[in-house]
Amino acid sequence: MQLEEKIKLLPAGPGVYLYRDAEGKIIYVGKAVSLKNRVRSYFQAGANHSPKTRVMVEKIADLDFIVTDSEVEALILEQNLIKEYRPRYNILLKDDKSYPYLKVTLGEDFPRVMITRRHVKDGSRYFGPYTRVGAVNETLRLLKKLFPFRSCKQKEPPPRQRPCLNQHINRCLGPCCGLVDREKYRDMIQEVCMFLEGKQEDLIKNLMARMDEASQKLEFEKAAQLRDQIQAVREVVEKQKIISGGFEDRDVVAMASDRDETCVMVFFIRGGKLIGREHFMLKGTEGLSRAEVMGAFIKQYYNSVDIIPGEILLAEELKEEAGVIEKWLTEKRGARVYLKTPRRGEKKKLVDMAAKNAGITLEQVRTEETSRRDDVKGALEGLASALGLARPPHRLECYDISNIQGRESVASMVVFQDGLPAKDQYRRFKISTVEGPDDFASMQEVLRRRFTRAREERELINTGQMSGKDAKFHQLPDLVVVDGGKGQLSAARHVMRELGFAHIPACGLAKQEELLFVENSPDPVALPKDSPSLHLVQRLRDEAHRFAVTYHRNLRGKAGLKSLLEEVEGIGQVRRRALLKAFGSLAEIEKATVEQLAAVEGMNRKAARAVYDFFHR
């Protein structure tokens, strides 16, 4: 069906619309009270669109739509689709997929507290997102000092005969040895959540009540531990700035913009005290009103957080969307949420303070980005000069081989563009034609496969039989780096000449001396130890090594697990896969009890007993 016909058939109810370009890629996601009216408005002659919107409309080749029962449902669906597809013409939180959270695994009998970058609905509580990894690491270190929760990685603490060192130094309650019951442990976890929510005053009251109870029972050692814990929490509270006479919980949101980028500052006020702040960078904001930018941020940010205060102070009034956003936040919180844009008084001062901080942070970010670009540019220019290249390399590819005595041999291809990792273009290979530990032959196989695919894809693209979107190897490097010395480089160059890619320069980076080897040069290139160019190729080489070793370790673990479990009667492919997913390694399966093995999906007690006996004969 043609685009014009689809527009005519659009329903008048609420929903979400998705615009696609000529290649079928989603370039914009939006919501509407009336799909018919909203979508038609984009294509009306003489419509007063921003320059960005006009460019987008020219690229629309197709559209999809999803009808919802209400505008709130449309808003929720819109945010989920934006997060999934990250369309080019939507306002986007920069790198929001990689923001770290603190996760409390409440779905487990003995919950853990950990750092994660994945926000999934698994019964856990998530605190964040944090924009600085240092901040979340610092918070986790503080929590470990204040609360004795377990730090072992298993979902359920493996049974032990003796407690670990953490229990001996009062950093764990020892659930693995039965030293604490489930209820008392979870009470402590609730205190962790109170602390992260900013309810330190309530936490202190709880701890003081427990300290008094321990004293009355003559449990003086326990009382002393609680006393020290109370003092540590009070030290945290004393560092928090009192900025409100009341005891309100609220977020304060303001922003500063520069060209196509915006910095949004969020202040977290709990109980009248400023307990923290985070800044977020938005891209794609050029030509949009401040209200549109603020609305896009509020929807994306609060879609990914679990803690929503009753009042959110905004520097910009949302106007049209304010009502539906308030309704959505109220439903998500389970209590009334108010969006306010103060004009005077104490609340206006809070908004102005957040806006001032947003402006300072935006300037710092711009300065850091400029400095980083200059550093990378200098490193690439220095590398080009050292290797005798005609121009600085834009795209660098590095290859590494990983195996143990030739078994499970694999290779990695890592890509840096303009000095930064392009992880979506990383590739990994299973070595299939080489027997034994022959790194030279393995390197040749990998490069032969890589450049053969490149030649095939480029021919298909030129003849219109393949789009650049589907091709994975058509982009060619400006410089090939192999992990190794003269031997690895010679093997690589032989394949590149054979396939007609000898014009692409290549070098080898030897690990021990950190020397660069180039073709037709008797002496290696020795860059200064403090050279930014050397640091760049070292980062590239180390990333290739990490990527290859990780892949090799995964294959080796799966192969070892499969080969051993094949010997267990009654354990077929489905059960082997389920055990691997549940425990992750042979060591963890060996530690598991019959009950834990039987609890795995697809297992029963007879099969669990067979596995247990196999490891404990």
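The numbers here are math on the coordinates, done by the rules we state, and not lab data. This is a predicted model, so every value here is computed, not measured. Quick reminder, even Gly has a Cβ in these numbers, built from the backbone with ideal geometry, and neighbours come from all protein chains shown.
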- Between the alpha carbon centres of the range 291-348 and the range 87-125 the gap in Å comes to 21
- Query: Given (1) 1.16; (2) 1.07; (3) 0.99, which label gives Cα Rg over 2.2 N^0.38 Å as computed from the coordinates?
  - Reply: (1)
- Task: Enumerate the lysines that K153 could reach by cross-link, defined here as Cα to Cα under 22 Å, with residues fewer than 8 away along the same chain left out.
- Result: K103, K121, K144, K145, K184, K558, K581, K591
- Among 60-67, 516-523, the order from most to least packed when residues are scored by Cβ within 10 Å on average: 60-67, 516-523
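What is the packing order of peptides 99-109, 157-167, taking the mean over residues of other C-beta atoms within 10 Å and listing the highest first?
Details: 99-109: 18.3, 157-167: 14.0.
My ranking of the peptides, most packed first, is 99-109, 157-167.
What's the magnitude of the charge dipole for the range 250-363 around its Cα centre, counting Lys and Arg as +1 and Asp and Glu as -1 at the beta-carbon? Answer in Debye, nearest 20. All intermediate terms of the calculation are to be shown ahead of the outcome.
Values: 20 positive and 18 negative charges, 125 e Å.
About 600 debye.
Taking a ≥ b ≥ c as the square roots of the Cα gyration tensor eigenvalues, with a/c under 1.5 meaning rounded and otherwise prolate when a/b beats b/c, else oblate, which class fits the range 250-363?
Numbers: a/c = 1.56, a/b = 1.20, b/c = 1.30.
Oblate, since a/c reaches 1.5 and b/c is not below a/b.
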- Query: What is the Cα centroid distance between the range 134-205 and the range 356-429, reported in whole angstrom?
  - Reply: 39
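Just how large is the dipole of the chain about the Cα centre, in debye to the nearest 20, putting +1 at every Lys and Arg Cβ and -1 at every Asp and Glu Cβ? Provide the component values of the computation, followed by the final result.
Details: 104 positive and 89 negative charges, 156 e Å.
Rounded to the nearest 20 debye, it is 740 debye.
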- Query: Which residue, chosen from A32, C176, V414, occupies the Cα position most advanced towards the positive end of the dipole of the chain, where the dipole is computed from +1 (Lys, Arg) and -1 (Asp, Glu) charges on Cβ about the Cα centre?
  - Reply: C176
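Only four residue types carry charge here, +1 at the Cβ of Lys and Arg and -1 at the Cβ of Asp and Glu. Report the dipole size of the range 98-241 about the Cα centre in Debye, rounded to the nearest 20. Walk me through the intermediate numbers first.
Working: 28 positive and 19 negative charges, 136 e Å.
The dipole magnitude comes to about 660 debye.
Arranged from highest to lowest average of other beta-carbon atoms within 10 Å per residue, in what order do the peptides 415-426, 439-450, 533-544, 354-365 appear? Spell out each step's value before the answer.
Working: 415-426: 15.6, 439-450: 22.0, 533-544: 20.0, 354-365: 17.5.
Going from most to least packed, we get 439-450, 533-544, 354-365, 415-426.
How would you classify the range 16-161 from its alpha-carbon gyration tensor, with a ≥ b ≥ c the square roots of the eigenvalues: rounded for a/c under 1.5, else prolate if a/b is greater than b/c, otherwise oblate?
Working: a/c = 3.53, a/b = 2.65, b/c = 1.33.
In terms of gyration-tensor shape, prolate.
Is there a pair in K327/K356; K94/K349; K283/K319; K6/K83; K472/K511 whose C-alpha atoms are over 31 Å apart, and which pairs would that be?
Working: K327/K356 29 Å; K94/K349 28 Å; K283/K319 22 Å; K6/K83 25 Å; K472/K511 29 Å.
As for pairs spanning more than 31 Å Cα to Cα, there are none.
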- For the range 287-298, in residue order, the Karplus 3J(HN,Hα) values (coefficients 6.51, -1.76, 1.60; θ = phi - 60°; whole Hz; Gly and Pro = x) are x, 9, 6, 5, 5, 5, 5, 5, x, 4, 5, 4
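Which of rounded, prolate or oblate describes the range 98-241 when judged by the alpha-carbon gyration tensor and an a/c cut-off of 1.5? Mind showing how you got there, number by number?
Details: a/c = 1.90, a/b = 1.16, b/c = 1.64.
In terms of gyration-tensor shape, oblate.
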